[in-house]
Amino acid sequence: MKLRRIEIRNFRRFTVPLVIDAIGDGLTVLAGDNEEGKSTVLRALRAALFDRHGVSKEVARELVPFRSEVQPEVALDFELAEGRYRLRKGFYQKPFARLELPSGARVEGLAAEQKLQELLRFESPGRGLSSAADHGILGLLWLEQGVSFANWNAALTERKDRR
């Protein structure tokens, strides 16, 4: 999978829209000082890819900026072998999920979630937030502060369980 564009609105610390676009091939690095939002960008990516749009309000509240009642939204453009996809998700107030396929067709709601799960080969977290164990092989790519090796342990445990 190649990420091409990320748009984040009203997500945790980002009350002003953040757009990272024109992401090319090769290595992309997010760099900055402490508390500039690098971890928040990664959390938004994880929410868009792995968390269901219909998580409970209590769970989705974690994604809302402090002292706000706004709708957290994340949009991603990404490429797979079949072509370019556009994913949009909103959480909390009026949850939605919309996935545009390379053919131009659009799937929404639970069908969009299921199609994404099929494309990226991961397990559904249900109504809660996803964990490393839900992410499948993509979970190996998520490195978060303080828990870098947790994803490796989850992947190894899953592998042993399948034997």
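These residues, PHE78, PHE66, PHE96, go from largest to smallest accessible area, 1.4 Å probe, as PHE66, PHE96, PHE78. Sorting ARG13, ARG67, ARG61, ARG46 by accessible area puts them as ARG67, ARG13, ARG61, ARG46; the probe is 1.4 Å, largest comes first, and only protein heavy atoms count. Ordered by 1.4 Å accessible area with all protein chains kept, VAL19, VAL29, VAL55, VAL70 run largest first as VAL29, VAL19, VAL70, VAL55.
Which whole-number percent gives the relative contact order of the range 1-119, counting Cα pairs below 8 Å spaced six or more residues apart? It would help to have the intermediate numbers written out before the result.
Details: 213 pairs, mean separation 31.4, N = 119.
Value for the range 1-119: 26 percent.
Note on ILE6: accessible area is roughly 10 Å² with a 1.4 Å probe, heavy atoms of protein only. The accessible area of LEU120, taken with all protein chains in place and a 1.4 Å probe, comes to roughly 10 Å². Accessible area per residue for the range 1-65 is 54 Å², calculated with a 1.4 Å probe on protein heavy atoms, without ligands, DNA or RNA. In the assembled protein chains, ARG106 presents an accessible area of approximately 130 Å² (probe radius 1.4 Å).
The values are calculated or read from the model by the stated rules, or taken from the named source; none is laboratory data. In this text, all values refer to a predicted model and were calculated from it rather than measured experimentally. Each accessible area value is taken on the protein alone, full model and side chains, heavy atoms only, with ligands, DNA and RNA left out. Shrake-Rupley method; radii C 1.70, N 1.55, O 1.52, S 1.80 Å.
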